[in-house]
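Reviewing the structure listed below.
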4 protein chains.
Amino acid sequence: MGREPHGVRNHRPRDAERSSGRLPDTMRALRKVRQEPGAELIEIRVPRPGAGEVLIEVEAASICGTDLHIYTWDQWAAGRITQVPVTFGHEVAGYVRAVGSEVHHLRPGAFVSAEGHVFCGFCPPCRRGRAHICENLKILGVDFDGGFADYLVLPERNAWEVDKRIPPEVASIHDPFGNAVHTVFSGDGASELVTSTVVVLGCGPIGLFAVGISRAAGARQVIAVEPNEFRLGLAKQMGADVLVDPGKEEPVEAVLAATDGHGAEVVLEMSGVPKVIDQGTRMLARGGRMSLLGLPTELVALDLTDQVIFKEARLVGVTGRELFRTWQQMTTLLATGMVDVAPVITHRFRLNRFEEAFEVMASGRSGKVILTP
Amino acid sequence: MGREPHGVRNHRPRDAERSSGRLPDTMRALRKVRQEPGAELIEIRVPRPGAGEVLIEVEAASICGTDLHIYTWDQWAAGRITQVPVTFGHEVAGYVRAVGSEVHHLRPGAFVSAEGHVFCGFCPPCRRGRAHICENLKILGVDFDGGFADYLVLPERNAWEVDKRIPPEVASIHDPFGNAVHTVFSGDGASELVTSTVVVLGCGPIGLFAVGISRAAGARQVIAVEPNEFRLGLAKQMGADVLVDPGKEEPVEAVLAATDGHGAEVVLEMSGVPKVIDQGTRMLARGGRMSLLGLPTELVALDLTDQVIFKEARLVGVTGRELFRTWQQMTTLLATGMVDVAPVITHRFRLNRFEEAFEVMASGRSGKVILTP
Amino acid sequence: MGREPHGVRNHRPRDAERSSGRLPDTMRALRKVRQEPGAELIEIRVPRPGAGEVLIEVEAASICGTDLHIYTWDQWAAGRITQVPVTFGHEVAGYVRAVGSEVHHLRPGAFVSAEGHVFCGFCPPCRRGRAHICENLKILGVDFDGGFADYLVLPERNAWEVDKRIPPEVASIHDPFGNAVHTVFSGDGASELVTSTVVVLGCGPIGLFAVGISRAAGARQVIAVEPNEFRLGLAKQMGADVLVDPGKEEPVEAVLAATDGHGAEVVLEMSGVPKVIDQGTRMLARGGRMSLLGLPTELVALDLTDQVIFKEARLVGVTGRELFRTWQQMTTLLATGMVDVAPVITHRFRLNRFEEAFEVMASGRSGKVILTP
Amino acid sequence: MGREPHGVRNHRPRDAERSSGRLPDTMRALRKVRQEPGAELIEIRVPRPGAGEVLIEVEAASICGTDLHIYTWDQWAAGRITQVPVTFGHEVAGYVRAVGSEVHHLRPGAFVSAEGHVFCGFCPPCRRGRAHICENLKILGVDFDGGFADYLVLPERNAWEVDKRIPPEVASIHDPFGNAVHTVFSGDGASELVTSTVVVLGCGPIGLFAVGISRAAGARQVIAVEPNEFRLGLAKQMGADVLVDPGKEEPVEAVLAATDGHGAEVVLEMSGVPKVIDQGTRMLARGGRMSLLGLPTELVALDLTDQVIFKEARLVGVTGRELFRTWQQMTTLLATGMVDVAPVITHRFRLNRFEEAFEVMASGRSGKVILTP
């Protein structure tokens, strides 16, 4: 089967579902069964791929902050997850085991990583080439069954074939790594990096990836700001040139000192903390940009006149990853070894030890935590 | 039926084919039956839409230069059209009359215009957001049955719902109008137009559209270069500020004279004539760009050192239209009346008078020629 | 005297100061003499142009909101104007009457408009090509003597030779018109306009210009939001498609209603009112940009998570004008008649009637107010 | 003396010429005295800096291909050098020893590298922010006395203060290194590099720098094409992933083989050989760009239809360096060690051994050749 344009009737054999070997009837899945804290690892039927869909056997799935919200069932989760039971987990990689009709590209046996944003293709943002901010997005592991399971079903076009040089557990973190790549390149892209001091505010896994990506893409100087000593150590391993512990020094002053008073041309906000966002604007150089990925849970008060308007600065909202330009960028960065994510992957658990995994996630002394079936 | 993301199995009812009223069994279609000059209007079965496809009842179809190549069966056509019989025609608009399974957006009754480039969605250009230069393109009316017929089948995503303010015959020319829009905006886009003299080299229909679009998008000055007096008159109607007949004045000198010797910041090459392309480089200002849409049939010798490198000029190849940003731009330009294409649509024929239509096309004394069933 | 590169010693005759006819010894100037409300029109010596400077005889000067701040001596003025006496006024046009040494381009007799931002040329933003956000800016009429006078001195490179098609009083408003041009084009420039609904929040003179520029540069739809009925009427004259009086309808709902619920791709904030800025974010489409020119005098609280980050919106600070790309854009827009600013120029006074002029400015029933010597 | 805006009269003390210690009356200079092959090292007066100029004591000057043309007096040189005697050499670095009036930024003792393109600041490209393609350029060492001497005079704004981490001989190659940086980033800049195979056609010094810069800025893969074995070895040292000797394998096939048949997204043409330029277009991927820096001496015949238009490729002329964004980029690349140019600097001579130096340059077995006084 070659790469065929979609939907040209005369040239397309009607594909039946094809699979590589016999599939089991049931599987384990970590599910939110009731709208309350916790999750259950239960046995459910293996789903079947519909038209344009593939069935993936999970090889590795990593835990996102969002998964922790769902697990602990905080206010955000209660407002967002409207339909249970649902299998959660959206950072996932594995082998295609069966394909539905109208699948023309992927074959059973392909090793893929999941893009969890399922888009309509017809709304104005989709038609403008910005499908990751589709007006009708459905999110894997939130709006439909996700990847903390033995198998999952995904639209073919959301399954990215992984470069063979990238190992499975690294493949499972394309989603957050893609957040970081998209954030780093979200201004005018990499060109400005070469003349920029890049500040990363908050060094959770995505912040740590952003440090490594900024370093690899040629930033003039990378400054990591993070109060957690364990994470600040990881930032150093990822290539940060300057480490700032905001408990020990005032971060705005630290950045100005490191830039001869000019400020940073690029600030990547990964903390979601209002006070930190305000500080981010104050450390920006004239003409600089601050990309916002961290999600504040309250209103953020900013001094727009002096910190944004007179500086002609830009505040750039960032969500998801560009479909699929960011995936092409990730392939280079991960497959060539330009960014080594090994230091960030700190823990690995079997799926049935999920409770320990979530505990480690909540501890603050972890990078990425990987689950394997 | 709402706008649903593609391929999320649990949330999607399995659509059967739906149609608005009973469809006839057969229809007329203008077909290239043998690999030789001419075409036949014959009766064939009405096609049925497959998965992800729609059936369109043609309301208007316009003739492209490519169709004339196919009709007269020149060298290009002989090398390109490998499979006959095939219905040709790709500039087409009409009503959706039936939809196949997996169609989630368009409903019978929708009025649509055809994007004739059917793309795979998986090759590197597609994944980079540049589907119009897909490595596996199939072209409507060339690689599969086109629109000089009562009905045609098209992938849903290639059917653009037309703004209600746009009349059917204008809807049928989205394809060439889109070539012009894409060419005009192919450099850094419209921003540079406001500080640019725009030269349009060759005023066939696409060149004429380009004159009108450049005028509407705020070009400092629009210069039309065209030896055919009839077309030069149309260029004036479309808003050209300066008309140059290269039989009467040397075009490079004329452009330099009209720009105080600085040259034109934007040159849009629509002729495909090697000598004209060379002239285009010579009339370019420092830092200018020449967008190339016309297709030369032989090698083109250029003075790269003085006309491109020392000027830091750009030569930009242009083909098709951006999917689907150009369509959004067209909607504004056509629906708001910013560009009035009426002067360019010079002839209309019923489908059965196709021979006269192709004669007019070949005469040089026509703009767009429209066929209606 | 031709256009010579600056500073190549061997090729440059040492220019003495040259002037066109004899200059008077003294002139009138409207000056802030003491750090308190009001201003005095007094007789002072005509300044002499230094190296690289020109002496301009004022033909027309218009009053900016900043001038009103200085005149009424509000908190901002008290904090900003550190040195008196100073002649104020920075929106000014007139004839070059004398040139200092090292002036190689302008000749006495040239008609010029003033770019009031005097830049150093050596700081990082200047070296990056963004001189309008120079770290060492000096502002005409604020940091050194301005244009509410018979003559002023300006660096040659800050004197823009005005296209002959532009009349003197229009020439005097290049400064605020340039703010508007720069704001309209401050995202990805004009390309996005063609697919955008543009909302202008606040229709003072710059907002009114922005309406006209957006209309001329091909916006899909222009919506003006303004509580002052007089100004809303001017917005209609400048080409607004939709008028919204926020006293009568909720502006966010009005914009959503006018855009089928998608929101506006471009919002231009000209009011500086915190509540309006917040509304601006709520009416933004996914992927949209809000350009901020109005200057809030207090902190602004924003819902970054839902209105900026998940939408992947951009907030773009805007100040001044690009040196000198914006001036090239203005030349097209004003000289070709694409934007007619006549409706916005509502009042004209002789310089000695400055008190009436400032009263009209403060009344809210004026557009631009022009002073002529 | 601080960084003061240029030309604000009231705030500027009138600077007399200042120097650091006593200067000699005469100096040695390598001059083209007659319009014929060769050059003479003769004693001439030390020049004095005029207004806005600085006097630089040369620490290192490197030989450019252009200097070899001037030295051997080929056809290009005979047509270009209209005024003799002239000191040549334009790749030069040294210490500021004296400054003229109107110099507000640099002080005696500063270590600077020369930007040899002296621009007018008033023509349309200059006003557009593209001074390096000024319509009135004067070139150091071509149009006025250059740097193969003990001292030279330069406009202050053309003297770039060198980061202290960069050694003098590296400082002297900013000019060609800047050509390479500007070429690498001449498309959409560095963003596209991360998803691109970059091919460098021709590995003279600028090509070798381009290999290193592409590698440092994150290219997916760098392919060097060069028939000279010595230079191909240097390309490997600079970080090329694939080496192609066109005498041994067909370069278009080699590039297609290394890119799974897709072609290279970025081709950097450094050879100026017509056949190689044609090959460059044939190895371009769809949507790719070829930047042209090498200067062909005859017309170049290209297959625009298949290799540029249908691929929607871009051919981008490149000359000089962006003033001064490229210098900011160079500072990062050279000062942080991201690019190590040491392998390219192969020879060093005292100025009086200039004949040997030019012989080595002509031999093909050299990278950069440095002259020191």
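The values are calculated or read from the model by the stated rules, or taken from the named source; none is laboratory data. Quick caveat, the model's predicted, so the values are computed rather than measured. We place every Cβ from the backbone using ideal geometry, glycine too, and count neighbours over all the protein chains shown. What goes into the accessible areas is simple: the full protein's heavy atoms, side chains included, and nothing from ligands, DNA or RNA. Shrake-Rupley method; radii C 1.70, N 1.55, O 1.52, S 1.80 Å.
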Counting just the residues of region C:329-345 that are surrounded by 22 or more Cβ atoms within 10 Å (Cβ to Cβ) and not β-branched (Val, Ile, Thr), which one comes out nearest to A:His132 (Cα to Cα)?
C:Gln329
Is it fair to say B:Arg231 is of a type in the set (Lys, Arg), part of a helix (DSSP H, G or I) and within 14 Å of chain C (Cβ to nearest Cβ)?
no
If B:Ala240 passes every condition in (1) in a loop (DSSP other than H, G, I, E, B); (2) surrounded by fewer than 24 Cβ atoms within 10 Å (Cβ to Cβ); (3) in contact (Cβ under 8 Å) with a residue 40 or more places away in the chain but one, which one does it miss?
(2)
Considering only residues that are crowded, with 24+ Cβ neighbours inside 10 Å, within 14 Å of chain C (Cβ to nearest Cβ) and assigned to a loop (DSSP other than H, G, I, E, B), which ones fall in region B:162-185?
B:Phe185
In region D:113-124, is there at least one residue being modelled with pLDDT of 95 or more, within 29 Å of D:Ile42 (Cβ to Cβ) and more than 12 Å from chain C (Cβ to nearest Cβ)?
yes
Among the residues of region C:18-33, count how many are in a loop (DSSP other than H, G, I, E, B) and either more than 16 Å from C:Val142 (Cα to Cα) or more than 26 Å from the chain's Cα centre (by Cα) (or both).
6
Of C:Asn179, C:Asn136, the only residue that is of a type outside the set (A, V, I, L, M), out of contact with any strand residue (DSSP E or B) (no Cβ under 8 Å at 6 or more places or on another chain) and either over 28 Å from C:Lys236 (Cα atoms) or free of Cβ contacts under 8 Å to residues at least 40 places away in the same chain (or both) is C:Asn136
Every listed condition ((1) touching a residue at least 12 places away in the same chain (Cβ under 8 Å); (2) in a helix (DSSP H, G or I); (3) out of contact with any Phe, Trp or Tyr (no Cβ under 8 Å at 6 or more places or on another chain)) holds for A:Phe354 save (3)
For the structure I just gave you, tell me whether A:Cys203 is away from chain D (no Cβ under 14 Å) and free of Cβ contacts under 8 Å to residues at least 40 places away in the same chain.
no
Residue selected from region B:298-320 under the condition part of a loop (DSSP other than H, G, I, E, B) and more than 7 Å from chain D (Cβ to nearest Cβ), by the criterion surrounded by the fewest Cβ atoms within 10 Å (Cβ to Cβ):
B:Glu298
Just to be sure, is D:Leu154 of a type in the set (A, V, I, L, M), open to solvent by 40 Å² or more (accessible area, probe 1.4 Å) and within 14 Å of chain C (Cβ to nearest Cβ)?
no
Filter region D:132-143 for residues that are in contact with a His (Cβ under 6 Å, 6 or more places away or on another chain) and in a loop (DSSP other than H, G, I, E, B); the one that is farthest from D:Phe324 (Cα to Cα) is D:Gly141
Criterion: open to solvent by 10 Å² or more (accessible area, probe 1.4 Å), modelled with pLDDT of 95 or more and within 22 Å of C:Thr372 (Cβ to Cβ) - qualifying residue of C:Pro24, C:Pro37, C:Pro85:
C:Pro24
I'm checking my understanding of the structure. Among residues of region A:271-297 that are among the hydroxyl-bearing types (Ser, Thr, Tyr) and more than 8 Å from chain C (Cβ to nearest Cβ), which one is most open to solvent (accessible area, probe 1.4 Å)?
A:Ser271
Considering region A:206-225, residues that are within 12 Å of chain D (Cβ to nearest Cβ) and open to solvent by 10 Å² or more (accessible area, probe 1.4 Å), and then whichever is farthest from D:Gly218 (Cα to Cα), we arrive at A:Gln221
Considering only residues that are under 18 Å from A:Lys368 (Cα atoms) and hydrophobic (A, V, I, L, M, F, W, C), which ones fall in region A:234-252?
A:Leu234, A:Ala235, A:Met238
Which members of region A:106-135 meet the condition of being within 19 Å of the chain's Cα centre (by Cα), within 22 Å of A:Leu152 (Cα to Cα) and of a type in the set (D, E, K, R)?
A:Glu115
Does region D:144-159 include one or more residues that are modelled with pLDDT of 95 or more, basic (Lys, Arg) and in a loop (DSSP other than H, G, I, E, B)?
no
If we ask which residues in region B:118-130 are on the phi < 0 side of the Ramachandran plot and open to solvent by 10 Å² or more (accessible area, probe 1.4 Å), their number turns out to be 7
I'm told C:Lys32 meets every condition in (1) touching a residue at least 60 places away in the same chain (Cβ under 8 Å); (2) open to solvent by less than 50 Å² (accessible area, probe 1.4 Å) except one. Can you identify the failing condition by its number?
(1)
For region A:132-148, which residues satisfy the criterion of being within 14 Å of another protein chain (Cβ to nearest Cβ) and buried (at least 20 other Cβ atoms within 10 Å of the Cβ)?
A:His132, A:Ile133, A:Cys134, A:Leu137, A:Lys138, A:Leu140, A:Gly141, A:Val142, A:Asp143, A:Phe144, A:Asp145, A:Gly146
If we only count helices (runs of 4 or more DSSP H) wholly inside region B:34-131, which ones have 2 or more residues that are of a type in the set (Phe, Trp, Tyr) and in contact with a Phe, Trp or Tyr (Cβ under 8 Å, 6 or more places away or on another chain)?
none
If D:Phe324 satisfies every condition in (1) more than 10 Å from every other protein chain (Cβ to nearest Cβ); (2) under 21 Å from D:Ser172 (Cα atoms) but one, which is the exception?
(1)
